[in-house]
Structure formats: C-alpha cells, structure tokens
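Q: The structure is given below, and queries will be raised subsequently.
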Amino acid sequence: MAKITVNKDLASERAKCEFNVEELTNYLDGGRENTARRRRMEDKVLSVKELRDEIPEEYLSHKEKYENAIRKAVLFYKVQKSLDDPNQSDHERIRNSYRSTITSAIFKDNSPLTLHIVMFIPAIIGQGNDEQREYWLKRAKNMEIIGTYAQTELGHGTFLRGLETTATYDPATEEFVLHSPTLTAYKWWPGGLAHTANYCVVMAILYTKSKNCGIQPFIVQIRDEETHMPLPGIKLGEIGAKLGYNTVNNGFLGFDNHRIPRDRMLMRNAQVSKDGTFTAGANSKLTYGTMVYVRVLIVNNMANLLAKAVTIAIRYSAVRRQSKLKPEDPEPQILDYVTQQHKLFIGIATSHAYSRTALWLWDHYAKVTSELNAGKLDNLPELHSLACCLKVLSSVDAAVFVERSRLACGGHGYMLSSNLPQTYGLVTPASTFEGENTVLLLQVARSLVKAWQQMLNGRQLAPSMAYLADQKQLDRWDGSVNGIIRAFQKVARGKLAFSVANFEKYQKMGLSREDAWNKASVQLTAAAESHGRAIVVQVFKTETDRIASSLSPPLRKALDQLVELFTLYWALERLGDLLLYSPLSEVDVRDMQARYEELLEKIRPNAVGLVDGFDIRDEILNSALGAYDGRVYERLMEEALKSPLNAEPVNSSFHKYLKPFMQGKL
Ligand SMILES: CCCCCCCC/C=C\CCCCCCCCCCC/C=C/C(=O)SCCNC(=O)CCNC(=O)[C@H](O)C(C)(C)COP(=O)(O)OP(=O)(O)OC[C@H]1O[C@@H](n2cnc3c(N)ncnc32)[C@H](O)[C@@H]1OP(=O)(O)O
Ligand SMILES: Cc1cc2nc3c(=O)[nH]c(=O)nc-3n(C[C@H](O)[C@H](O)[C@H](O)COP(=O)(O)OP(=O)(O)OC[C@H]3O[C@@H](n4cnc5c(N)ncnc54)[C@H](O)[C@@H]3O)c2cc1C
C-alpha cells in the first residue's frame, strides 16, 4: 500500500490527542465488533470501482446526473444485498446501521431509491394487513417493484385533511377510483416518483357510500412493469431542479379516474369491505405512522451529516494558516482562533448529542411500536410528540452548524469540491420534509398544553413531560450540568405556563379557541422548542453517563467535556430565558462564560482526534478540504483541473462573442 504523507500540522494535532481515537470510534459504533462490521461493509462497497464517479457529479447535466445515479443505485443495492445478514430482524438491521454513511460515498446528492427504502417498504409494513405484507413486501424487498410515498400535493403538504386526491369506492366493480380533481390535487414532491418508481403508496381521501372516511393509504401501480410507460389515467413527471436532492428524482403525479382493485387499499388499520362498508381503525392517526418512523430516522441522519461537515471543517482549520495572532509569530492555524473553536466545537458536541438521542428515540420507538402491534395505544401521543420535537431540533441545529462549518472554511467552503454546500443541501430540507418544523412544534405545543391540563387535574404525565409537574423552585443556581438541565426544564415549564395563560387570556377576551391559539402560537412554539432543548440535554447527559462509564478515563473526560460544552453553549444562547425563569445572576453568567472559554481551550488539543473518531473515510467525506491527509491545496487544484472549462486553453465563446464584442464588431 502506498504510504500517505500527512500534512505536518494535522500529524502534530494527532500526536497531541489525549485519548485513544479507536476507542472513541468503538464507543460511537456501539462496540469493537460493530466498528469492524461497518468497516468491512465500507471496504466491500468502496472496492467496487464502478460505484465511483469519473467525472465529478457537479459537471453532469441534470439528466446525466439522474442516469448516473440510477446506474450506481442499482449496483450499490446489489453490493449491499450481498452483505446483508438475513438472520437480523428489521429492527436490528436498522439499529446496526445507524452509523453507516456509505451512501454519501456514492451519491453527493442522495439516491433515487431512498424513498423506496425509507418510506415505501415501511409504509407496507406499517399499513398493510398480513396478506398484503406477505405479497407486497416480498416484491418490494427483492426490488421486483420500486415504490415511493406519495402524500404531498401541489396545494397541500402540511394539512393532510386538506388533501384533494380522492379514492372513491365502486362496489359494482369492487374497485377504488383514484382521481385528482384539480391541478392543486397533483401529488408533488415524492422522491423517485418521476422516472424511477413503478408503484407508490398514495395517501388519498377515501369516499365510500358517499361518506368521507378520511385519509387512507393505497398501493398503486403507476407504470407498466415491462415497458415502464405510465399506465392509462396516470400523469407523471419530474418537478425540476432544486437546492439539493437533485438525484432523488422528485416527481408529480395526477390521476384521471384511475381504477385499482379493492385489495390495494392498505388495510392494517381501517378496512373497506366488498359492499363498501367502512370499518375505522383503533386510532385514525395510525395512518400517519410512516411519518413518525421517518422523523425518528431523521434525528440520526442529521447527526451523521453534521459529523461529516464538522470533520471537514476541523481538519481544514488545522491545515489552514491565516493572519497573525502575535506579530513575531508565523501565521497560526485558524483552529487557534478561539472564535473558530466557538464556531466548530459545538458542531462536534451536537453530532454526539443527536446520535445518542437518536438511539434512545429509536429504542423508544421500537418499544411503542410493539405495544401498538399488541393493541396498546397509550404511549402513541408521547411518541408522536417526541418524534416531532426531536426531528425539529436536530434538523434546525444540523442546518445551522453545517452552514457554520461551511462559513468557517472561508472561500474554499463555497466550492462544491469541499462537499459542504451539498451537505447543507441534504440537511436543510429536513426542516421542511416529514412535517414542516413550525407545524411540528405546534403539534408538540398541543401535547404540552394537554399535559399541563392533566397536571392541573392531578393526573400522571408521560415520562418525558413529568418534569412539568415539578413545582419546586430552583432556589439556587449551582452551575453544574445537572443543575443547568433542571434550569432548562424550568424554562420550558415557565414558557409553557406563560403561553397557556396567554391562550386562556385571549379566549377570555372573546377570541375563539382557534384564534386564541393562533395569537399565542409564537409563545407556544417557543415553549415547545424549550421542551425539546431540555430533553436533548438531559438525554445526552444521562445516556453518555450510562454508556461511557466503562471507558478509559481520558476518553470519558473528553466526552464529559462535550456534554458540558453542549450544555453551557445552550445556556449562554438562552440567557434571556434563564434570567427570566431561573435564579441566575450576573456573576453566574460571567462564570459560565469563563467556563465555556476554558472548555474550548481544553478541547482544542483533542479537536482533530474527536473528528477522526467519527471515522468517516475520505471517500465518504468526498471533500478536498477534509481528507485525512490534509493535502488541501493539492486536492483543490486537482479538483479545479477537472472542470470541463480547463480542457482547452481558449473557449469557443471567445471567438464567437468576446472577440467581436471587444473589437466593436458585435
Ligand atoms: C438510531 C436509529 C436510527 C437508525 C437509522 C439508520 C437506518 C438507515 C436506513 C436508512 C437511512 C435513513 C435516512 C434518513 C432519512 C433521510 C431521507 C428522508 C427522505 C424524506 C423524504 C420526505 C418525505 C416526506 O416529506 S413525506 C410527507 C410528510 N408530510 C408530513 O409530515 C405532513 C405533516 N402534517 C401532519 O403530520 C398532519 O397534518 C398534522 C400532524 C400537522 C395535523 O394533522 P391533523 O390530522 O390535522 O391532526 P390534528 O387535528 O392537528 O391533531 C389531531 C390529533 O392527532 C394527533 N396526531 C397527529 N399526528 C399524529 C401522529 N403522527 N401520531 C399520533 N398522533 C398524531 C395530534 O397530536 C392530535 O392529538 P390530540 O390528542 O387530539 O391533541
Ligand atoms: C426535499 C424534499 C423531499 C420531499 N419528499 C417528499 C416525499 O417523498 N413524499 C411526500 O409526500 N412529500 C415529500 N416532500 C414534501 C414535504 O413533506 C412538504 O413540503 C412538507 O410537508 C411541508 O409542506 P408544504 O411544502 O405544503 O409547506 P406549507 O405547509 O405550505 O408551509 C409553508 C409555510 O406555512 C406555514 N404553515 C403551514 N401550516 C401552518 C399551521 N397550521 N400553522 C402555522 N404555520 C403553518 C409553515 O410553517 C411554513 O412556514 C418533500 C419535500 C422536500 C423539500
């Protein structure tokens, strides 16, 4: 194997690291065997030369990008399938792959098969009855059919009860008639819908016996299995170029009285019998289950994407030298600027916080799902609220800290060859998809207001909201991490109390419940956000304490520093709230600021070790700035030379336009 020459600054950073990087990687992977298994899988995928791009994706046309993505998606699927352990349950398979970022080595802008894996198959699992699962899952898992999840319409994404696509049952033929009555009823957005999928799960308003029976899922064939031509009565296309996700093939779909057999309604929850009788499910919101599942996955995805961005930015900051700290000294590494540490170390801590939270949430999701399967629905509302608030916080924080990582790389962060703009393109839509963030915070607020009323009635609250019933004053600020967590809970409680009081006040003033809710909604969403912050900080601390207790002292210390940094960062960001709702004094604030700066200093020697610990290979980072060897300038030049404009010394436009223009002939 060729010896790699590592940039000397990066090499000396690695020599400074106080803990064993491999131990950190094993900790993140959940054990040495998991690290080994992940690496074996990466080795195998990366050994397939055809999965690599010869021409950087960014220089392809829109159409070429899609065709290239499909070529790689098919090959990637086959390689992954060959590595699959058939003895793993779906739950284990997902849990064991939570650290897998290998998809990024193949697609800078995501795969056109994403929705098949992430939503189509889960929708069949969650919404199909046993017979339907038996038939459709086999076909979907073997990739005999490719599907997507078609819910959003041109006119409605958030408000599902406002969807316009209808599925009207015709008992004479035992068929549903799918129809898009208006332009705004067209399905719009589903990934893979344009040219990839031949089936999809369509969410439509069911009408039977002339009654609206709410939104129900239908499995609908949209293209011929042989020719791939759209079926009669189906209008399909692609929605066009976007900020990111350009290889995901998002599409539109319209129905012109398209008929499907009765057994294509996914009938795990609600059913329509042959004569058109509708039987409702135990809870109509079980139909929204696929979204809850993906919201849970998104938390983990955000942690992984942020780990990528901050790895790039930290390594670059160790290599990059700029300006002067002291006139007599050489230019320092930009990582020595405390402002740079402030921009980036929080990204490392945040990735850890959400990967811990994601695992905790996934286990909670699995527990509640098995209860739901046994007909016990009690914990569904709390799961919905948790999935909403953690999806919101993880997507907002990831977008902010990925963008901050990009800005921290100066001009070079703007280059596509840094892979930071594309990473931002992958995180920012998560604030919109699977439930627009404000809307989801309002769902959380709704559950909090309900909990508040339950508390006033002396009823027990769901565990994640139990702190609301803690009436004790926080009479002393002790500044410890646990003390700050309690203060965050007090903030959430105080903001909720304030928004409930306003909501009630507006109603007493004569506003309808809905108008009062709308008027109080800025405060309500703020309370929901604070509730989420309290949960993340607490889960990060307790899960780290629980899992890291067996680690070596130096690594344990480094992880504790991340937990403390995360806690202090948010305490300082939310000073106004803490001053309002906790006994924080000016002296305490100054103390926290000083501790925060000390922490930056303590983390500084470990910064490169911490991102090396994420163990994200160069092929996955796909970045001229973030590669392990730190050959930043050489790689930037190598990538620049791949620009098609550099293939010839004079471009033909010179002769055609510039020269005649400059000579006054045009
Ligand atoms: C660590 C482990 C993880 C491992 C992961 C590794 C695995 C590797 C595998 C794969 C890689 C993973 C990659 C991750 C993902 C990245 C790619 C993602 C691609 C995503 C593409 C995007 C797809 C989409 O966007 S699909 C469309 C999504 N659309 C939405 O989300 C619409 C949002 N709107 C709504 O949900 C609803 O309209 C609403 C909730 C806002 C309002 O609904 P409505 O009916 O009006 O209800 P409302 O009156 O407000 O409330 C009534 C009561 O119902 C309760 N409720 C609402 N929703 C739910 C629910 N879902 N569940 C339970 N209960 C619900 C609500 O609280 C009310 O209750 P109350 O008691 O009456 O107050
Ligand atoms: C990259 C990407 C991939 C996607 N993939 C899919 C897919 O595969 N399948 C699919 O079905 N969909 C998909 N979507 C669609 C996505 O789910 C919707 O965009 C999302 O649910 C938001 O709906 P909307 O676009 O209609 O926004 P809107 O609901 O119109 O939101 C616009 C604004 O109105 C505000 N607003 C709306 N309702 C309220 C309210 N009740 N209270 C306060 N404010 C409100 C919002 O906060 C926001 O500021 C995808 C979207 C993106 C960006």
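Q: I need the calculated FRET efficiency for the pair GLU601 and ALA469, taking r as the beta carbon distance and R₀ as 41 Å, to the nearest 0.05. All intermediate terms of the calculation are to be shown ahead of the outcome.
A: On the way: r = 40 Å, r/R0 = 0.98.
The value I calculate is 0.55.
Q: Still on this structure, I have one more. Can you list the residues, at least 5 places off or on another chain, whose amide H is less than 5 Å from the amide H of ARG574, using H built in the peptide plane?
A: none
Q: Output ³J(HN,Hα) for segment 550-566: one whole-Hz value per residue in order, computed from phi by the Karplus curve 6.51 cos²θ - 1.76 cosθ + 1.60 with θ = phi - 60°, and x for Gly and Pro.
A: 8, 7, 5, x, x, 6, 4, 4, 5, 6, 4, 5, 5, 5, 5, 4, 4
Q: Right, another one. For segment 199-332, what are Rg and Dmax over the alpha carbons, in angstrom?
A: Just the Cα atoms of segment 199-332 yield Rg and Dmax of 25.2, 89 Å.
Q: Using Cβ contacts closer than 10 Å as the measure, can you line up ARG635, ARG38 from fewest to most? Could the numbers behind the result be given before it?
A: Details: ARG635 19, ARG38 22.
The most exposed by this proxy come first: ARG635, ARG38.
Q: Enumerate the amide H contacts of ASN283 below 5 Å, restricted to partners 5 or more residues apart or on another chain; note that Pro and chain-start residues carry no placed amide H.
A: So ASN283 has HN proximity to no qualifying residue.
Q: Compute log10 of I(q)/I(0) for segment 421-543 with the Debye formula, placing one identical point scatterer on every Cα and leaving out solvent, at q = 0.10, 0.12, 0.20, 0.23 Å⁻¹, to two decimals.
A: -0.37, -0.53, -1.15, -1.31
Q: By count of other Cβ within 10 Å, fewest leading, how are ILE121, ILE346, ILE547 ordered?
A: On the way: ILE121 20, ILE346 25, ILE547 14.
Neighbour counts put them in this order, fewest first: ILE547, ILE121, ILE346.
Q: Okay, moving on. Which whole-Hz ³J(HN,Hα) couplings does segment 476-492 yield from phi under the Karplus relation 6.51 cos²θ - 1.76 cosθ + 1.60, θ = phi - 60°, glycine and proline marked x?
A: Calculated HN-Hα couplings, in order: 9, 8, 9, x, 6, 4, 5, x, 5, 4, 4, 5, 4, 5, 5, 4, 4 Hz.
Q: So, with +1 on the Cβ of K and R and -1 on the Cβ of D and E, and no other charges, what is the size of the charge dipole of the chain about its Cα centre, to the nearest 20 debye?
A: So the dipole magnitude of the chain works out to roughly 500 debye.
Q: Modelling each spin label as a point 7 Å along the Cα-to-Cβ direction, I'd like the THR438/GLN454 distance in nm, to one decimal.
A: 2.8
Q: Kindly write out, for segment 310-322 in residue order, the coupling ³J(HN,Hα) from the Karplus curve 6.51 cos²θ - 1.76 cosθ + 1.60 (θ = phi - 60°), rounded to whole Hz, with x marking Gly and Pro.
A: Couplings: 6, 5, 4, 5, 5, 4, 4, 5, 7, 8, 6, 10, 7 Hz.
Q: Sticking with this structure for a sec: Please report the relative contact order for segment 124-261, taking Cα pairs under 8 Å with a sequence separation of at least 6, and give it as a percent rounded to a whole number. Could you put the intermediate results ahead of the total?
A: Numbers: 302 pairs, mean separation 35.8, N = 138.
Answer for segment 124-261 is 26 percent.
Q: For segment 122-281, compute the number of Lys pairs whose alpha carbons are separated by less than 28 Å, excluding pairs fewer than 8 positions apart on the same chain.
A: The result is 14.
Q: Something else now. Give the Rg/Rh ratio for segment 31-108, taking Rg as the radius of gyration of the Cα atoms and Rh as the Kirkwood radius, to two decimals.
A: On the way: Rg = 14.2 Å, Rh = 13.8 Å.
Expressed as Rg/Rh, it is 1.03.
Q: Taking 0.36 nm per residue of separation and subtracting the Cα-Cα distance, what length does fully extending ASP515 through LYS211 add?
A: Working: separation 304, 0.36 × 304 = 109.44 nm, distance 2.92 nm.
Length gained, ASP515 through LYS211: 106.5 nm.
Q: Sorting HIS116, HIS179, HIS62, HIS531 on the 10 Å Cβ count, fewest up front, what's the list? If you can, show how the numbers build up before the last one.
A: Values: HIS116 26, HIS179 19, HIS62 11, HIS531 31.
Going from sparsest to densest Cβ surroundings: HIS62, HIS179, HIS116, HIS531.
Q: Say the cut-off is 22 Å between C-alpha atoms; which of LYS343/LYS642; LYS495/LYS519; LYS49/LYS108; LYS65/LYS642 go over it? Mind showing how you got there, number by number?
A: Values: LYS343/LYS642 31 Å; LYS495/LYS519 15 Å; LYS49/LYS108 16 Å; LYS65/LYS642 16 Å.
Table pairs above 22 Å Cα-Cα are LYS343/LYS642.
Q: Kirkwood hydrodynamic radius of the chain from all distinct Cα pairs, in Å?
A: Details: mean 1/r = 0.0369 Å⁻¹.
Result for the chain stands at 27.1 Å.
Q: Full-extension gain between SER82 and LYS242, please, as 0.36 nm times their residue separation minus the C-alpha to C-alpha distance.
A: Working: separation 160, 0.36 × 160 = 57.60 nm, distance 3.33 nm.
Extending this stretch completely gives an extra 54.3 nm.
Q: Which percent of Cα pairs goes in each bin when the distances of segment 122-281 are cut into 5 angstrom slices starting at zero?
A: Using 5 Å bins, I get a P(r) of 2, 10, 19, 23, 22, 16, 7, 2, 1, 0 for segment 122-281.
Q: Cα convex hull of segment 1-156: how many Å³ per residue?
A: Details: hull volume 31.8 nm³, N = 156.
Hull volume over Cα atoms, normalised by residue count, gives 204 Å³.
Where a number appears in this text, it was derived from the coordinates with a stated rule and is not lab data. All values reported here derive from a predicted model rather than from experimental measurement. Every residue, glycine among them, receives a Cβ derived from its backbone with ideal geometry; neighbour counts consider all protein chains shown.
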